[in-house]
Amino acid sequence: MQKRVQIESRKVQTVYAPLATSSLTIHSRATSQSQSQNNTIKVIQKQPKIRNRSLITRHIKQKQIFSQTDTCTNKVLTERNLEIDCSLMEPSTTTSIQQSQLVWQSPYRPHVYTIYFPYPQMLQQTRSQQFLVEQIKKPLYYKLQGQVPFKCILSAFEAAGFERSDEENWLIYWGIASKETLKEMKKYQKTNHFPGCWSVGRKDNLWIHLSKVKRKFPTEYYFIPNTYLLQYDFERFEGIRESAPKKTLWIKKPVASARGNGIKLINKKTKLTADKRYLVMDYISNPHLINNFKYDLRVYVLITSIDPLRVYMYKDGLVRFATQEYSLKSSDIKKRFIHLTNFSVNKQSPNFIANNQDMEQQVKASKWSHKEYKQQLIAQGINHKILFKSIQDVVLKTCIAAEPLLLDRNGKTSEHKNNYFELFGFDILIDETLKPWLLEVNVSPSLNSASELDAQIKTQLISDMLHLIGIEYYYKKAFRIQIKKRLFERNINEIQSINSRNFRQKVNQTDLDVMIQSLEEQLRLGQFKCLYPNKQNLFEYEQYFEYPRFHNKLIQKYFEDGSNWII
Ligand code: ADP
């Protein structure tokens, strides 16, 4: 790698040269060779804290280690294999040094670096600089499946120095990867979908899995409206419809569709067939209203691992309003602008109000941020913290219900443990008693930046997500020494006897790594809140897991012991 710096002639020039530099080219403003030879150049080696032996060894081999402060004449520079280029150049006072890259260094595993995602410029914010060090600059590539993704994704990649590639040198694959791609993924590569993501991402699947857990925990899982898959439950539903009170409403939806397509409200009289493409759901007819309008919440949820389970919820999100005042009159049940809160539906409405910088206008807008929503709740005397706590509860219980399915598919497709992450969009409706209802879980939630509000929230969301997941800034050697091995079943009963003194003997490297990954992610949260593993609630949610898992239990034991096993 070559560094270019410019110096002015006949001056003592200080050059900050990161350790990563393998060749230093001094461009002098001198007008002649003789002038430049009089230069004294002071090279200060900027020493990033590199604790990794193999890297240091590599630099020593290339004779690139300087003492902390090193004054070099041209002769010394030449001896040190540094080229002095005295060709005539345009005068310039700038020093451009771009050969090293800031990376996040794990405080638990100093040899592990992950890619630092600075916030894109439009956010005008700076991410925490804690644990950042300089490293050799390497090309960073992402690969895309299908169409060019949303701007927020591109700008997050761009800010971190990523380039698009169509080859196999990618660190991150954005899109739905083929089975072959998944099978061949290297340990350091990541992709944004779990193979089993559709086990919750389709409306019928979500109900199938949640209703199973709901049978076991009817009160605790009473947050998804009763659903009937017309293919299987048609007759049972017709029986229920028959005996329901006169004005009862249901909502009929395609099992696998989005954006309000094909959705309509039905009552006791609506004609229905056992059409396998549809389901029917109890209609939540008493939504909480703001200014008489129905709304729902888009909540962003990130899963970075299934075993152990790691779930995060974003602190901001969107509130989508209907555009006609709420009404339950039978003559209004066909009015989509009253009953559906989808942005794609309501943006067609003549009453749709786009987001506005002007606060007075923004209050009337058809889309809000969660921040604005919380302010409104405060104004209504509602404790938003309690409400959002119950939303977190819905989110976490849903993820726990999906865990066995996701894990099953995950184990079958990839050799390694840490290849996947998934950003889900949960649609939550709040009723007038302030109870959250889960309507749907979206795989690939819209990341379209239709307004400034969308752009702000989604750009920060994606940048935070990519920073949190920890894309390893690898160098082949380190990965070559990793032993590829599949996870094996461990004796879960042993965990009780593990403590700070014996854990290094009792757990293997894989156990230790997954545990540390959980701790590392907690240091890269940005605006995400960790729902699981969270020492406040580990025991509370333990009962909902279908099977106890070794790594979940191990982390639980670590927290239980006062988190003092690892520095
Ligand atoms: P889509 O995937 O097509 O957006 P959703 O399940 O999110 O389908 O439903 C679309 C809209 O319909 C929701 O945003 C909400 O406003 C309304 N809705 C859906 N299910 C219910 C329900 N059970 N009760 C009340 N309103 C609902």
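The values are calculated or read from the model by the stated rules, or taken from the named source; none is laboratory data. Not measured: the values here are computed from a predicted model. Cβ sites come from the backbone with ideal geometry, for glycine too, and all protein chains shown count toward neighbours. We work out accessible area using only protein heavy atoms, side chains counted, and drop any ligands, DNA or RNA first. Shrake-Rupley method; radii C 1.70, N 1.55, O 1.52, S 1.80 Å.
Of note:
- Database remark: amide H of residue 268 closer than 5 angstrom to no amide H (H placed geometrically; neighbours at sequence offset of 5 or more, or on other chains; Pro and chain starts carry no H).
- Shown are 174, 198, 250, whose ranking by accessible area with a 1.4 Å probe and every protein chain present, most to least, is 198, 174, 250.
- Couplings for region 528-536, taken from phi via the Karplus curve 6.51 cos²θ - 1.76 cosθ + 1.60 with θ = phi - 60°, read 7, 10, 7, 8, 7, x, 9, 4, 6 Hz in order; Gly and Pro are left as x.
- Selection among 306, 350, 366 by position relative to the dipole of region 258-371 gives 350 as farthest towards the positive end (Cβ unit charges, Cα centre).
- Three-way shape call for region 496-567 based on the alpha-carbon gyration tensor, with the a/c threshold at 1.5: oblate
- Derived scalar couplings between HN and Hα for region 427-433 equal 9, 10, 9, 9, 8, 5, 8 Hz in order, rounded to whole Hz, by the Karplus curve 6.51 cos²θ - 1.76 cosθ + 1.60 (θ = phi - 60°), x for Gly and Pro.
- Positive dipole terminus of region 285-419, leading residue within 338, 390, 407 (C-beta point charges): 338
- Checked against a 28 Å cut-off, the cross-linked pairs 214/535; 247/335; 264/374; 371/397; 187/506; 246/385 give Cα-Cα distances beyond that limit for 264/374; 246/385.
- Taking amide H atoms as placed 1.01 Å from N in the peptide plane, the amide H of residue 473 lies under 5 Å from those of 113, 114, 115, each 5 or more residues away in sequence or on another chain.
- Net dipole in debye of region 262-407 [+1 Lys, Arg Cβ; -1 Asp, Glu Cβ; about Cα centre; nearest 20]: 540 debye
- Under 5 Å between amide hydrogens, built in the peptide plane, is the criterion, and for residue 310 it picks out 304, 305 among residues at least 5 positions away or on other chains.
- Under the Karplus curve 6.51 cos²θ - 1.76 cosθ + 1.60, θ = phi - 60°, whole-Hz ³J(HN,Hα) for region 150-164, x wherever Gly or Pro sits: 5, 4, 4, 6, 4, 6, 5, 5, 4, 4, 8, x, 7, 10, 7
- Simple Cβ-charge dipole of region 345-437, Lys/Arg +1 and Asp/Glu -1, about Cα centre, in debye nearest 20: 80 debye
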